[in-house]
Structure formats: C-alpha cells, structure tokens
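Nothing in this text is a laboratory measurement; each read-out follows from the coordinates by a stated rule. Values in this document were obtained by computation on a predicted structure and should not be read as measured data. Don't worry about glycine lacking a Cβ; one is built from the backbone with ideal geometry, like all the others, and counts go over all protein chains shown.
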Amino acid sequence: MNQLFRRIRYLLNRRRFDRELANEMEFHREMADGNGAFGNTLRLREEARDAWGWTWIDRLSQDLRYALRKLRQSPGFTLAAVLMLAIGIGVNVAAFSFFNFFVLKPLPVRDPGTLLRFERRSPRNYASDVPYPEIAFFREHSRTLSAVLALDPSRLTIDGEQKPLTVHFVTPNFFHELGASAMLGRTLDEHAAAGPEVVLSYGFWQRHFGADPLTVGRMIHLNNKPVTVIGIAYKDFSGLSMENPDLWAAVDQQPYFLEGSKLFTEFPENGGGVKMFARLQPGFTAQAAEAELRSLAAQLRKQQPAGIWENESLPSQPGAYAKNITGSRSGSGKVDGDELYPVVALVGALVLLILGVACGNLGSLLLARGVAREREIAIRVSVGAGRGRLIRQLFTESLLLALLGSAAGLGLGYVVFRILMVYSSTPAWMNPTPDWRVIVFAIAIGFGAAVLFGLTPALQLARQRHRATTLRQFLIGAQVAGSCVLLIVAGLLVRALDRAMTAHPGFEYQQVLSIAPGLAAHGYSPAAARGYISALENRLHGIPGVQSVSLATFVPLGRGVATMGVTINGHPIEVHINSVDSHFFETMSVPLLRGRDFRGVDAHEIVISDSMARQVWPGENPLGKIFNSGAGDFSVVGVAANARLVAMQDASAAQAYFSVAAEELPSMFMLVKTSGPPEGLVPFVASIAHSIDPKVFPQVELLKSSFKERVQGTQYSAVAVGALGFVALLLACFGIVGLVAFSVSQRTKEIGLRMALGAAPRDILSLVLRQLSRPVVAGLVVGVGLAAGLSQILSKQLYGISHLDPLAYFAAVGIFALAVAFAALLPARRALRVDPLLALRQD
Amino acid sequence: MAKSATPALLQGTLDLLILHALQRGEMHGYAIAQCIHLLSDEALRVEEGSLYPALYRLELDGAIKARWGLSENNRKAKYYDITARGKKLMTQQQETWSRLSVAVDRVLAR
C-alpha cells in the first residue's frame with residue numbers, strides 16, 4: 001500500500017525527482033573525481049529511474065507521439081483506416097445502444113433499483129397483467145412493498161378527432177413514485193381527491209394544443225365527459241411504458257370515462273387485468289416480496305376462488321427497464337422463452353461480422369504498408385530496437401487508429417441510432433446521447449478491433465515476414481466469409497419481404513375493417529352485449545357495400561394474442577387460439593378444407609388449421625378427434641386452410657378456432673368485409689356503432705394498416721441488413737483489389753520474364769489470380785455454412801421462405817462472385833500491360 | 001562491466017550490503033559505495049550504475065528513507081537512513097546469506 005503510494009507520488013512529481021536524481025549523480029561524480037569512470041550519466045539515470053517502475057509511461061508517450069507523427073505523414077491511409085473502423089465500430093455501437101436501452105439502462109425514473117414489475121403465473125396459466133381487485137388487495141395488505149402502482153392503458157376519443165387517444169389510467173401515486181413533476185401545472189396527487197383531471201403528455205400538448213401554456217386549467221371532453229387539464233408532463237418523462245401515451249388520468253376515474261366499467265370488482269377471464277408495479281420497502285428483497293404476495297394471493301383465493309388461480313405466484317422483474325415493460329401476453333401452459341435473446345444474438349453476430357470484415361481489410365492494409373516501411377524498420381532494428389519493442393511500437397499505432405476509430409464510430413453510431421429512432425417509433429423520451437456504457441463499449445470494441453487487425457501484422461512486420469502471402473490470403477478468406485454471410489441474410493430477408501408483399505397470408509385483409517366496441521370495459525353483461533352486437537349487425541348489413549360481418553375475440557394481426565401450450569396426441573404444440581362465429585371463415589375468406597364450421601353457439605366444437613392438423617395428427621383424419629384444452633374436451637369438426645392471423649411471418653403457426661361462448665360476447669371484436677375499398681366506410685361505421693349506445697366509443701380500423709405495420713418490420717430489417725451486406729461487399733472488394741495490385745507490383749519482374757519467354761495473357765492472368773482463388777472459395781464455403789447456421793434464428797420470421805432458400809443463397813453468392821471478379825480483374829489488367837523490356841531492366 | 005579484480009556482486013547481496021552500511025548511520029550514496037569498498041578491503045567496488053537503482057528500489061520498498069542535507073564540503077547531497085522495516089529486512093537477508101554461504105562452502109569443500 002505504502003509502496004503504491006510512493007510510486008504514485010513519484011509519478012506525480014516526476015520532474016522534481018528527475019532533477020534530484022541528476023543532482024545526486026553529479027554529486028557522486030564530484031566526490032569520486034578521478035576515482036574510476038562513472039559511465040554514461042543519461043543511461044545510468046534511466047536505469048535508476050527504472051527502479052520506480054514508471055518507464056513504460058515514458059515509452060508509451062514516446063510511441064504515441066511517434067505513431068501520431070507517422071499517421072499524420074500518410075493522411076490517405078489514416079483516413080481510409082479510420083473510416084473503415086468507424087463503419088465497423090459504428091454499427092456495433094448503434095446495435096449496442098439499442099441493447100443498452102432495452103436491457104441495461106434503467107428508465108429515467110427515481111430510484112429505479114427498487115421498482116418491480118409483477119406478473120401472474122401458476123402451473124397452468126400465465127399472464128403479464130394482474131386483475132385490479134387483486135392489486136388493490138396487495139396494496140392494502142403488503143408489508144414488503146412501500147407503494148403499489150397500477151397502469152391501465154386505454155383508448156378514449158376526444159371531441160373533434162377521429163383517431164382515439166392513448167390514455168393511461170394510473171394510480172394517483174404514479175408521478176410521485178417515479179419522481180416526476182409537471183412542466184406546467186401539477187401532476188396527479190394521491191392526497192387531494194379531486195374531480196376528473198388529466199395530465200397531458202408533452203407531445204400531445206404540442207400536437208393538439210399548439211403548446212399553448214393556457215391549456216392548463218382548460219376543460220376538455222374525453223368520451224364526451226368533461227375533464228380538467230391540470231398539468232403538462234416533461235418531454236423526457238418516460239412513465240412506465242414504451243408507447244407514447246397522450247394523457248394520464250387517475251385510475252379512480254376510469255369508470256367515469258368508461259361507463260359501467262367493472263374494473264374495480266371484476267377478475268377478468270383469460271388473464272386480463274392491468275399492469276402492476278411496486279416499490280420495495282427498504283430492507284426487503286424482491287424474493288421476500290414474491291413470497292409475501294404468493295401467500296396473500298392464496299388468502300385472496302379463499303374469497304375469490306374463480307378470480308385467483310390455483311397455486312398462483314407473482315414473479316417479479318426489475319420494473320425500470322424497457323425490456324420488462326413492453327408487451328402483454330397471457331396463455332396457458334408454459335411461458336415461451338424470452339424471444340429477445342436469439343434476436344440479440346443474430347444482430348450481434350451480423351454487426352460483429354461487419355467489424356470483422358473491416359478489421360480483415362485493415363490488417364491487409366497494414367501489411368501492405370509494411371512493405372513501404374521496410375527501410376524504416378530495418379534501420380530501427382539495426383540501431384538496436386528489440387523485436388518486443390518494435391511490436392509494441394507498431395501495435396501502439398494500431399491502438400491509436402482504433403481509438404480514433406472508436407471516436408468516429410461513436411459519432412456514426414449516434415447518427416445511425418438517431419435515424420433508426422425516427423423509423424422505429426421509439427418513445428420520445430429516449431435519449432440517444434451515448435451514456436458511459438456505450439462509451440466503454442466503443443472503447444472496448446476498438447481495443448478488440450486493434451488486437452484483431454493490428455497484432456498479427458505487427459508480429460509479421462517485426463519478424464520481417466510481411467511479404468509472405470499466407471496471412472493476406474487468410475484475411476481475404478475471412479472477409480469473403482463475413483460479407484457472404486451478410487449478403488445471404490440480406491437475400492433471405494429480401495425474399496421474405498417479396499413473399500410478404502405478393503403472397504397471400506391465407507386470409508383477406510385488403511377489404512376488411514375491424515370494429516372494437518370495447519363493451520367489456522363498459523361492464524356489459526353477456527345478454528346486453530348480445531343485444532348490442534345483433535343491433536349493430538343489422539345496421540351494418542343495411543349498408544350497401546358490406547358483404548359479411550363476423551365476430552372474433554382477437555382481430556387478425558391485432559395487438560392482442562392468446563396462445564395455448566398443450567400436448568395433444570403426444571405432440572407438444574403452441575396454438576394461437578381465437579373464438580369466432582360461423583361467419584368468420586366467409587368474412588376472412590379462409591376456406592374450409594375438410595368438415596364444416598360451427599353449427600351453433602356454445603357447442604364443444606373446434607375448427608383447426610391445416611398446419612395444426614398436420615403437426616398433431618400427421619397422416620390421420622383429424623375430424624372427430626378430441627382436443628383437450630385443459631378446460632374441457634372439444635371435438636374437431638373442421639379443418640381450415642392455413643391463415644397466418646397472428647404470426648404472419650411464421651408459415652408453420654398453428655391456429656385453433658373455438659366457437660364464441662356467451663360470456664365472451666362483451667369482449668368481442670367485429671370484422672366487416674366490404675365489396676369495395678373499405679377506407680370510405682370507416683367514419684360511417686364508427687358513427688353507426690356509436691349511435692347504438694352513446695356511451696360506447698367503438699374504434700374502427702383497417703386490417704390493411706395492421707398488415708402494412710407488420711410488413712414494415714421486415715422491410716426495415718431487409719434494408720438495414722442489405723446496407724450492411726453492401727458495405728461488407730465493398731470492403732471485401734477493396735481488400736481484393738489491394739491484394740491483386742500488390743502481387744502484381746511485387747512480381748513485375750517475373751511477369752516480364754514470362755512474357756519475354758512467350759507466355760500468353762491468359763497464363764499471366766492465371767498467375768496473378770491463382771493465389772486469390774483458394775481464399776475466395778474457402779471463404780465462400782465457410783460463409784455459406786455460417787449463414788445456414790445463423791439464419792435458423794430467422795426461420796420463423798421469413799413468411800414461409802425456408803432459411804435455406806436456394807434462390808437467396810445463389811443470388812448472394814452470384815452477386816458476390818461478380819463483384820469479386822470485377823475487383824480482381826481491375827488491377828490484374830496492369831499485369832498484362834507490363835513491358836517485358838522495362839520490367840527486366842529494373843534492378 | 002565488472003573487472004576481473006573486483007568480483008561481480010551476487011544478485012540481491014547489494015541490498016544487504018547497503019542496509020548493513022547504513023547501520024552505521026545516515027550517509028549519502030557516494031559514502032555508501034566507499035564504505036562497502038573499504039570494509040571489503042577494497043575487494044568489492046559497487047558500480048554506480050547498480051547503486052542508485054538499488055537505493056531507489058529500497059526506498060520504494062520502505063527499507064530506507066532519504067532526506068536532503070549538506071555534505072562535509074557544503075554541497076547539497078541526499079542522505080539515506082535505514083528504517084525499522086529496513087532493519088528487519090536486513091536481519092532476514094543476513095540469515096539467508098549465511099545459510100547460503102555455508103551451503104556453498106560445504107559444496108566446494110568436497
């Protein structure tokens with residue numbers, strides 16, 4: 001410890017200690033005057049200084065200064081190198097920024113460490129939302145939680161706007177617990193029980209009210225109910241959601257807006273509910289809270305045996321991370337694994353490939369530069385530089401380059417991230433400025449890159465072995481493999497996109513619109529819902545242009561999804577479930593392949609998709625077979641053609657249709673098929689649906705728009721991966737041009753000699769290109785293999801295209817071969833123009 | 001560097017000799033070298049190139065401490081003195097050394 005302290009003291013007072021050392025030695029020399037030689041003072045001083053252990057800093061700064069000078073001497077090389085690194089590091093930084101944002105970086109709320117999100121789980125069911133009465137029970141009885149928050153996203157209409165607003169009903173402690181204050185006015189207050197009030201989001205205030213500061217205190221109408229605006233939230237207030245809500249209102253007021261709502265009393269079926277967050281009481285762990293909630297749930301089950309599941313537990317997740325607040329799912333059976341990590345692995349692999357290609361390229365460049373620096377290195381060796389010292393110096397240059405590349409990559413990554421933010425509807429509060437994690441990542445990956453591209457060339461150069469072409473060939477092979485993978489994956493995505501745009505998803509979407517009456521939110525009873533629905537059906541049938549109307553619990557391509565994990569006939573299977581009426585197959589144009597559809601309501605009958613029949617009863621007639629859903633037995637009465645209603649990208653998705661049960665009627669959606677373009681009917685249908693019950697504000701949407709949204713994801717990824725593949729291809733081509741040009745310039749004499757002896761141009765070309773063919777072929781083989789392995793992760797996102805789709809592979813390899821041939825022949829032509837006379841006369 | 005008349009010092013023994021010399025009281029670098037030279041009946045000459053690195057190592061280690069003072073001829077000089085830790089270190093090294101030299105003698109005697 002003391003030693004370290006003394007060492008640091010020396011480092012800080014280096015100049016003074018150096019001066020003292022000089023003094024001391026001078027004194028010694030004076031004393032020893034005539035008594036023996038003292039030797040070279042400078043050298044002795046350096047040796048003495050060595051004892052302090054800081055010489056490496058001197059050497060490092062020396063090396064850095066030299067490297068800086070060297071890089072400044074060849075600005076072209078430096079620029080090319082930094083640019084290449086910036087691309088390689090930049091895409092990695094951008095990808096990491098997203099990962100950081102979703103997984104590592106807490107939301108900008110107060111004390112994110114103690115905020116938890118709770119979900120429901122039991123051996124048979126899972127749901128991410130919790131019934132409100134259950135949350136209220138926990139709030140009342142929990143000792144391990146200091147505060148319990150609930151969030152219920154809803155859609156309400158505001159006077160004068162067709163599009164519904166996103167309203168988050170939150171417990172009044174929401175703003176206080178998240179440490180948020182209002183930019184204007186005030187936020188919801190848990191202590192002052194007041195009338196209906198809302199807090200506007202910054203974006204909505206700008207968009208709808210033109211940022212008028214007098215908005216606070218104004219009265220607006222939501223679902224025709226008057227409500228006072230009490231404040232505007234800050235722009236960077238995240239709340240606990242990835243959507244950008246337009247406004248927040250107290251959950252106590254929810255029944256005021258949604259007349260008849262049973263939010264406070266009802267335990268919804270099918271895992272419905274609201275999002276539950278909580279703050280840990282200081283001194284308690286998340287495990288303690290989970291244990292307590294489990295026993296509280298068991299207590300509540302005694303009063304509410306239908307509402308609480310058997311053996312219900314409430315696992316928690318850190319609540320202040322984007323990853324844990326997105327999505328809402330429920331179902332039975334086992335929870336399917338986290339889908340995030342395979343995607344992260346794939347994206348990570350792709351962006352690392354780009355960096356790999358850039359590094360391979362830079363490595364070749366460094367080797368080529370080594371030829372130009374032969375003389376310099378020879379001089380340094382002859383004046384006594386050891387190999388280690390040389391390697392250290394050369395590697396310092398690489399490190400400096402990498403550092404510059406990291407800085408440029410950070411900048412580029414920021415720009416890419418900004419662009420991606422615009423296109424991927426990320427929340428407005430998201431801060432794109434790199435935080436310390438991103439900066440550390442950029443530096444670390446720069447260092448890794450320096451090792452990758454700088455270390456081997458430095459070793460080769462120091463050993464004066466850089467003229468050997470083995471390493472060059474290896475680098476070319478690696479670049480070929482890397483860019484080949486990227487091109488193939490891009491090709492697969494383009495094929496998938498093409499399929500998505502042109503092929504039929506198995507159901508009609510162009511001329512269908514959906515109506516979400518939201519009856520359940522208004523506390524409709526099944527009987528009342530039946531009345532509303534048949535009235536609406538009658539009115540809709542009266543509209544010219546309406547072909548058919550049907551009911552479904554889930555809108556195709558909609559936000560809600562229910563999956564069921566079951567094992568039937570020994571086959572474990574994930575089934576997307578939907579409850580529909582008998583008009584559904586006609587409305588959605590899904591043909592029945594076998595059997596019939598439902599005869600009446602409430603029957604224990606089921607229609608399954610062809611893909612499910614094939615997976616569960618391969619080679620058998622599925623009609624009449626029994627499907628046990630866990631809640632009862634259903635007999636299969638029909639097989640429908642595959643319609644990818646939920647997972648449009650996944651051709652093998654299984655689908656099961658139950659017939660609508662009476663108790664499901666309040667949560668029904670209606671689907672309307674039109675004979676012409678459906679756009680014009682939207683406002684008309686909305687006003688009819690509203691007129692049947694004025695307290696209901698049904699939302700009408702086009703299936704076409706959901707379809708477009710779904711395809712857009714694939715579109716963006718195809719464009720992004722395509723761009724990466726193009727950059728990689730370009731880099732690899734640069735590398736090949738460099739390699740061929742280098743070998744031509746090195747073998748000018750040999751070429752001249754061969755020409756003089758009568759070699760034909762063909763022979764000369766094959767001489768120059770021969771060393772290229774092996775690494776390119778090897779790289780292609782490795783690349784195709786890697787791509788086949790990696791793209792497995794994608795196989796469910798390809799709209800039925802196989803991840804081994806031959807067209808994508810051939811196209812990618814073809815493009816690649818063309819580019820490589822072009823890149824190789826361009827410099828190889830120079831070999832043909834060698835003048836034998838001149839070449840042989842060279843020294 | 002070592003001339004044949006003055007045997008090269010065994011690795012590590014210089015530290016011991018310096019510490020031993022400093023037991024006589026505080027002295028500057030040149031005096032330490034002289035002291036060792038004289039005490040060895042002029043058999044050992046401490047090379048200046050090894051003396052100062054050794055002194056700095058010992059100082060870093062906390063075995064000796066240094067201060068600036070005036071020399072006998074009124075010149076600024078750096079004086080070294082042994083610390084408690086240095087004394088302990090010296091006893092240890094002395095033991096090691098005697099064990100080593102006895103062992104070497106024994107080997108050479110056969």
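Which net charge results for the neighbourhood of B:Leu38, defined as the other residues with beta-carbon distances under 12 angstrom from its beta-carbon, given Lys and Arg at +1 and Asp and Glu at -1? Summing Lys/Arg as +1 and Asp/Glu as -1 gives 0. With viscosity 1.306 mPa s and temperature 10 °C, the Kirkwood radius over alpha carbon pairs of segment A:376-461 converts through Stokes-Einstein to a diffusion coefficient of 105 µm²/s. Taking a quarter of the surface of the Cα convex hull of segment A:598-752 gives a mean projected area of 19.3 nm². Averaged over the residues of B:44-50, the number of partner chain Cβ atoms lying within 10 Å of the residue Cβ comes to 4.
With N the number of residues in segment A:175-334, Rg(Cα) / (2.2 N^0.38 Å) evaluates to 1.22. Measuring spread by the Cα atoms of segment B:13-108 yields a radius of gyration and Dmax of 14.2, 50 Å. Within the shell defined by Cβ-Cβ distances under 13 Å, the residues around A:Ser142 carry a net charge of 0, with Lys and Arg each +1 and Asp and Glu each -1. Taking Cβ atoms as reference points and 13 Å as the exclusive limit, the residues near A:Arg218 contribute a net charge of -3, counting Lys and Arg as +1 and Asp and Glu as -1. Packing order of peptides A:80-87, B:17-24, highest average first: A:80-87, B:17-24 (average count of other Cβ atoms within 10 Å over each peptide's residues). Here is how the number arises for the protein assembly as shown: DSSP H runs of 4 or more residues each give -39500 (n - 2.57), the sum is divided by the residue count, and the result at 222 nm is -16500 deg cm²/dmol. For A:Ala182, nonlocal amide neighbours, meaning residues 5 or more places apart or on other chains whose placed amide H falls under 5 Å from its own, are A:Thr187.
When the Cα atoms of segment A:787-843 are aligned to their principal axes, the ranges along those axes come out at 64, 19, 11 Å in descending order. Relative protection proxy for A:543-555, A:507-519, A:760-772, from highest mean packing down: A:507-519, A:543-555, A:760-772 (other beta-carbon atoms within 10 angstrom). Students often get this wrong, so check it: of A:Lys225/A:Lys275; A:Lys105/A:Lys323; A:Lys673/A:Lys704; B:Lys65/B:Lys87, which have C-alpha atoms separated by over 18 Å? With Cα atoms farther than 18 Å apart: A:Lys225/A:Lys275.
Taking only alpha carbon atoms, segment A:230-305 gives an Rg to Rh ratio of 1.03, where Rh is the Kirkwood radius.
In terms of the mean number of neighbouring beta-carbon atoms within 10 Å, the peptides A:773-780, A:688-695, A:404-411, A:675-682 order highest first as A:404-411, A:773-780, A:688-695, A:675-682. Per-residue mean of foreign Cβ neighbours for B:56-67 is 3 (Cβ atoms of other chains, 10 Å radius). Straight-line cross-link reach from A:Lys625 at under 20 Å between alpha-carbon atoms covers these aspartates and glutamates, not counting any fewer than eight positions away in the same chain: A:Glu574, A:Asp597, A:Asp602, A:Glu605, A:Asp610, A:Asp633. Partner shielding of A:17-30 amounts to 4, given as the average count of beta-carbon atoms from other chains within 10 Å of each residue beta-carbon. Normalised by residue number, the volume inside the convex hull of the Cα atoms of segment A:595-688 is 153 Å³ per residue. With Rh defined as the Kirkwood radius, the inverse of the mean 1/r over Cα pairs, the Rg/Rh of the protein assembly as shown is 1.12. Look at the alpha carbon pairs under 8 Å that are at least 6 residues apart: their mean separation over the length of segment B:13-108 gives a relative contact order of 31 percent.
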